[in-house]
Amino acid sequence: MINRIWIFDLYTAIYTAICHHHPKIPQNICVFQKKSLTLHAELKTYVFRRKMIQFLINGLITGVLYSLLAMGFALVYNTTRIFHITAAALYVVAAYAFYVFAVKLGLPLVLAFVLATIFTMLISLCTEYGVYQPLKKRKASLNVTMIASIGLMTVLVNLVAMIFGNETKVIDNTIQPTFSFADIFINLKSSSL
């Protein structure tokens, strides 16, 4: 579509230059040129509006994902008063657990989701009772707890990298198609880790 618009731009620029600089050109060609310029402007406006709406939809979806992540951090901080930075690593562990259950073991998506959630909850309980409770018993400061959280996050992320590698993993989600509404596409098929 973009290449056609660029070629049409070149075409209209040449004919506009000919109509304005050569008075011997018949007027019907110049009238045709004015109509084609109007159609071209309408086409550019349509493409621009469609792309802007697509960008707005994509931005809205990304913003919702960021807000969910921020709400998770805010919920943990407001209840425990520590910066639970390990939550980011737990999100990574949850995603790779879902990948293992759905792709490697071939389980249905709903069952893989439930098992990944249970696995992540178990890892979270292990971090709570293995790291945070001993620090709480020793009455460690919040800075020490935050540094322990950063260390635990580093360990979990590197453990996932050692097991799965650093290349992108793709979950083939053929159940849910791409939704389209008035030339706006919401692609649910390209889920990747």
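The values are calculated or read from the model by the stated rules, or taken from the named source; none is laboratory data. It should be emphasised that the depicted structure is a prediction, and the values quoted were computed from it without experimental measurement. Don't worry about glycine lacking a Cβ; one is built from the backbone with ideal geometry, like all the others, and counts go over all protein chains shown. Accessible surface areas use protein heavy atoms only, side chains included; no ligands, DNA or RNA. Shrake-Rupley method; radii C 1.70, N 1.55, O 1.52, S 1.80 Å.
Suppose we filter 83, 119 for residues that are under 30 Å from residue 168 (Cβ atoms), open to solvent by 70 Å² or more (accessible area, probe 1.4 Å), not in a helix (DSSP H, G or I) and not basic (Lys, Arg); which single one remains?
After ruling out the rest, the residue left standing is 83.
If I go through region 96-117 residue by residue, how many of them are under 20 Å from residue 158 (Cα atoms) and in contact with a strand residue (DSSP E or B) (Cβ under 9 Å, 6 or more places away or on another chain)?
So the answer is 2.
What number of residues in region 95-112 are buried (at least 16 other Cβ atoms within 10 Å of the Cβ) and in a helix (DSSP H, G or I)?
Total meeting the criteria: 9.
List every residue pair whose Cβ atoms lie under 8 Å apart, where the two residues are 6 or more positions apart in sequence or sit on different chains, the first residue falls within region 117-131 and is under 12 Å from residue 149 (Cα atoms), and the second residue, located anywhere, is part of a helix (DSSP H, G or I) and small (Gly, Ala, Ser).
Partner pairs satisfying both residue conditions: 131/148; 131/149.
Please work out which residue is least open to solvent (accessible area, probe 1.4 Å), limiting yourself to region 135-185 and to residues that are modelled with pLDDT of 85 or more and of a type in the set (D, E, K, R).
136
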